[in-house]
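The values are calculated or read from the model by the stated rules, or taken from the named source; none is laboratory data. All values reported here derive from a predicted model rather than from experimental measurement. Cβ atoms come from the backbone with ideal geometry, glycine included; neighbour counts cover every protein chain shown. Accessible surface areas use protein heavy atoms only, side chains included; no ligands, DNA or RNA. Shrake-Rupley method; radii C 1.70, N 1.55, O 1.52, S 1.80 Å.
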Amino acid sequence: MSVIVELTIPSEAFELGQILRVEGATQVTLETMVPLGSTPTPFVRITDGARRSFERSVREHDSVSAIRPVDTHDEETLYALEWEPPDDSLFREFTDRGAALLGATGSADRWQIELRFPTHDALSAFQEYYIDADVPVSVEKIYNPTKPDAGPWYGLTAVQRETLTHAVESGYYSLPRTISTKELAAEFDISDQAATERLRRGISTLVENTLLAAESD
């Protein structure tokens with residue numbers, strides 16, 4: 001079962017943050033990672049006109065063999081970075097654990113990174129690494145992926161979402177239960193059977209678009 005984690009890391013504690021150093025309000029965005037050779041090639045975009053100082057700073061880093069401008073539009077420039085991360089680096093650690101880097105945005109002081117690990121065990125091993133290495137990683141969010149077409153409410157219709165939410169808030173699933181199906185149905189002006197069917201279909205949809213989607217990933 002795959003799992004997605006959103007992290008925040010100080011720029012000086014992350015290899016790409018050390019390489020792609022920026023100043024002021026400049027931001028660096030990782031656009032994609034292309035598997036060329038033994039190390040994926042990052043394509044990164046900077047968002048203002050600090051092009052010359054940025055290129056010079058990147059080329060000075062020991063792990064960088066080249067940085068090439070690919071496209072420039074207004075004050076944004078897209079670069080391809082050729083580099084070799086150290087064996088003991090944070091980047092190497094999560095790629096060795098089978099994680100996919102879904103997105104990353106950096107500033108002068110920190111990077112926000114989104115990773116997808118193939119299993120919870122792989123994520124746990126990565127967390128053990130950065131804790132033992134004393135890397136100041138902050139976990140912002142951990143969640144399982146859902147079906148791509150599930151939509152913002154995991155495939156629930158508006159009435160299913162409303163009924164399920166009200167059922168939980170009113171104690172329908174509490175022990176002891178504090179509202180009956182009949183009372184729940186009366187609040188929505190529907191039959192007891194219709195309320196039961198909404199709950200059943202809603203729960204089924206949630207499981208299909210979350211738990212079962214993660215297992216088949």
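Miscellaneous remarks
- When the surface is traced with a 1.4 Å probe over the full set of protein chains, residue 73 keeps roughly 110 Å² accessible.
- Label-reachable residues, region 158-172, where backbone N falls under 20 Å from a point 7 Å from residue 189's Cα toward its Cβ: 158-167
- Three semi-axes of the equivalent ellipsoid, the chain, Cα gyration tensor, whole Å, largest first: 46, 19, 15
- For residue 201, the solvent-accessible surface computed with a 1.4 Å probe is close to 130 Å², ligands and nucleic acids excluded.
- Note on exposure: 65, 53, 2 ranked by accessible area (1.4 Å probe, complete protein assembly) read 65, 53, 2, with the most exposed listed first.
- From its DSSP helices (H runs of at least four residues, each -39,500 (n - 2.57)), the chain gives a residue-normalised ellipticity at 222 nm of -10000 deg cm²/dmol.
- Cα-based helix-to-principal-axis angle, 120-132 vs the chain, degrees rounded to 10: 50 degrees
- Between helix 192-209 and the chain there is an angle of about 20 degrees, using the helix long axis and the longest principal axis of the Cα atoms.
- Across region 48-94 the C-alpha pair distances fall into 10 Å bins from zero in the proportions 24, 46, 26, 5 percent.
- Rounded to whole Å, the principal axis extents of the Cα atoms in region 158-214 read 35, 24, 16, largest first.
- Largest first, the residues 97, 21, 198 sort by 1.4 Å accessible area into 21, 97, 198.
- Extension gain from residue 8 to residue 59, taking 0.36 nm per residue of separation minus the Cα-Cα distance: 15.9 nm
- Exposure rank, largest accessible area first [143, 173; 1.4 Å]: 173, 143
- Set of region 9-30 residues, backbone N closer than 20 Å to the point 7 Å along the Cα-Cβ line of residue 73: 26-30
- Spatial separation of Cα centroids for region 168-182 and region 1-27, in angstrom: 45 Å
- Size of region 93-205 as Cα extents on the principal axes (Å, biggest first): 58, 32, 28
- Highest mobility in the GNM of the chain, judged by mean-square fluctuation with C-alpha springs under 10 Å and restricted to 122, 13, 194, is found for 194.
- Most mobile listed residue (202, 103, 171) in the chain, GNM with C-alpha springs under 10 Å: 171
- Spin-label pair residue 121/residue 211, simplified geometry with 7 Å Cα→Cβ offset, distance in nm: 2.1 nm
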